[in-house]
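A quick write-up on the structure given underneath.
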Amino acid sequence: MGRADPEEGQLPAPVKPPDGGWGWIVLLGCFVITGFSYAFPKAVSVYFKELMKDFHVGYSDTAWISSIMLAMLYGTGPVCSIMVNQFGCRPVMLIGGLLASAGMILASFTTNIIELYLTAGVLTGLGMALNFQPSLIMLGTYFDKRRPLANGLAAAGSPVFLSALSPLGQVLMEKFGWRGGFLIMGGLLLNCCTCGAVMRPLDMGMKRKMEKAQDKYEAKEMLPIGGKSEEGISTADGTKKAKKAKKKPKKGKKLLDFSIFSNRGFIIYTISKFILVLGLFVPPILLVNYAKDTGVPDTEAAFLLSIIGFIDIFARPACGMVAGLKWVRPHVSYLFSFAMLFNGLTDICSARASNYTGLVIFCVFFGISYGMVGALQFEVLMAIVGSQKFSSAIGLVLLIEAFAVLIGPPSAGRLVDALKNYEVIFYLAGSEVALSALFLAMATYCCLNRGKKDPPPEKNPSAGGGSDTEEAESDVQEADEHSSNNHQLGHNTDSAVVAANEEANHVAEEQRGEGGGCPEGDGEVLARDGCNADQKVERDSF
């Protein structure tokens with residue numbers, strides 16, 4: 001893990017993502033959570049026909065169930081970020097699993113559509129939100145080099161669960177009705193608690209080791225090496241409580257970091273995702289009822305979602321592997337733009353599909369493009385803001401996307417009720433997705449990469465091209481070096497003068513002993529030097 005040995009007095013390095021080990025268990029938990037979070041709102045659409053009959057409501061009214069689930073999944077992003085930063089991922093996920101299960105169980109006893117909104121929509125959606133966001137944060141904590149692949153594998157949970165939950169929901173509705181189906185679905189959501197239990201913090205136990213190593217390091221720096229260092233180490237251990245008391249007021253950790261809005265890449269990403277979500281979820285939500293209205297049997301109509309899920313299973317890991325390549329990863333935003341454009345054109349080109357074969361072809365291409373979008377969306381965000389600010393960034397992004405979720409599918413449902421035509425809906429949804437792709441690509445090229453192509457000139461100290469701070473630092477450094485050299489030179493000069501004076505004094509004494517005093521004539525210089533030397537030595541010693 002790259003840690004230094006604390007016993008040697010060296011500070012251990014920060015914990016690095018292991019890119020494996022227990023991270024694969026965390027990836028499995030994230031796989032299940034992602035599957036429930038994204039597939040569940042779509043799989044619930046299987047029950048819409050029965051709900052319309054029992055509650056005597058229109059399709060737009062039942063579509064609000066899926067929209068509220070997705071809105072809670074997105075809109076509670078900042079709340080999830082604050083809770084994760086305050087309590088950690090594992091407790092938040094355990095609470096979320098209980099809420100999601102309780103919402104579906106209570107929904108099976110509802111008597112009107114409003115109660116269904118509050119239980120299956122709000123409560124279950126909140127529970128899934130409290131699971132979804134922390135699982136992504138933990139995944140980014142455990143993976144770095146393999147992060148694109150990990151994101152792709154985790155995102156594959158959505159199609160896997162979609163291909164399983166849609167037929168399962170159809171079977172449960174036929175055997176137990178929609179109430180029995182909701183009750184069983186609520187039991188399945190308890191698996192989210194199991195996934196939350198495996199989200200072990202990566203830095204567990206590291207704080208104590210860091211503190212001990214810090215104390216030993218400071219003790220060895222402050223005291224001489226030897227027996228006193230051991231005494232200093234024990235003294236440092238004894239003063240640990242005082243240090244903790246002093247550090248407590250400085251632990252002002254931000255619950256939500258709004259400084260990411262100063263990042264232009266984050267702003268561009270957020271705007272493009274808002275436009276994307278307006279049309280991204282509309283086709284899969286309307287697909288089953290569209291197929292039923294064209295005369296496709298109920299079982300075969302539900303199987304269309306399974307086709308999308310089956311294709312999506314392979315598209316997401318494959319796209320994650322491609323995004324992890326060395327020559328692709330620096331340009332992952334453009335790959336994300338291509339995936340969104342592919343998805344939008346698929347909606348537009350398949351708007352006139354009027355038979356089962358055409359719908360199957362649409363599901364194949366939609367599954368590929370939808371899988372690419374799902375595999376790349378959070379990888380691009382992590383690349384833009386980094387893992388340290390990802391918890392706050394994803395919360396704010398999901399909050400902004402929540403408004404798009406509340407606008408998109410309900411508006412599409414109202415247009416279906418008014419126009420009785422699905423073709424316009426597919427054209428509109430595809431245009432929105434394609435627009436988001438073009439905006440992301442053009443804004444990234446014009447606002448971000450264009451500035452990188454013209455880097456500032458290299459800093460030349462002789463030409464004075466550095467910043468003011470760097471120049472000041474260099475001046476200070478040069479002054480320090482100059483003063484140090486002057487001090488050393490002065491010290492050497494004084495030593496040489498003293499040595500020369502002592503030698504001259506010694507010669508003068510010898511001459512006095514031989515000549516009885518200071519010589520005259522030619523010896524005048526020597527006598528003068530000898531007398532001046534005595535005076536200078538006395539002055540220096542004084």
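At q = 0.22, 0.23 Å⁻¹, what log₁₀ I(q)/I(0) does the stretch 282-366 have when each alpha carbon counts as one equal point scatterer in the Debye sum?
Treating every Cα as an identical point scatterer, log10 I(q)/I(0) equals -1.02, -1.08.
When only the heavy atoms of the protein chains count and the probe is 1.4 Å, how do I361, I313 rank by accessible area, highest first?
Largest accessible area first, the list is I361, I313.
What does the highest-first list of 339-351, 416-428 look like by mean Cβ count within 10 Å?
Sorting 339-351, 416-428 by mean packing, highest first, produces 339-351, 416-428.
If DNA, RNA and ligands are ignored and the probe is 1.4 Å, what is the ranking of S163, S67 by accessible area, most exposed first?
S163, S67
Could you order peptides 297-303, 390-396 by the average number of other Cβ atoms within 10 Å of their residues, highest first?
Descending mean neighbour count gives 390-396, 297-303.
Starting from one equal scatterer on each C-alpha and no solvent at all, send me the Debye-based log10 I(q)/I(0) for the stretch 259-449 at q = 0.13, 0.16, 0.18 Å⁻¹, two decimals.
Calculated log10 I(q)/I(0) at the listed q: -0.69, -0.99, -1.20.
Highest mean first, what order results for 374-384, 136-146, 256-266 on Cβ atoms within 10 Å?
Packing order, densest peptide first, comes out as 374-384, 136-146, 256-266.
The values are calculated or read from the model by the stated rules, or taken from the named source; none is laboratory data. From a predicted model like this one, the values you see are computed outputs, not experimental measurements. Counting neighbours? That spans all protein chains shown, and the Cβs are built from the backbone with ideal geometry, glycine included. Calculation scope for accessible area: heavy atoms of the full protein, side chains included, ligands and nucleic acids excluded. Shrake-Rupley method; radii C 1.70, N 1.55, O 1.52, S 1.80 Å.
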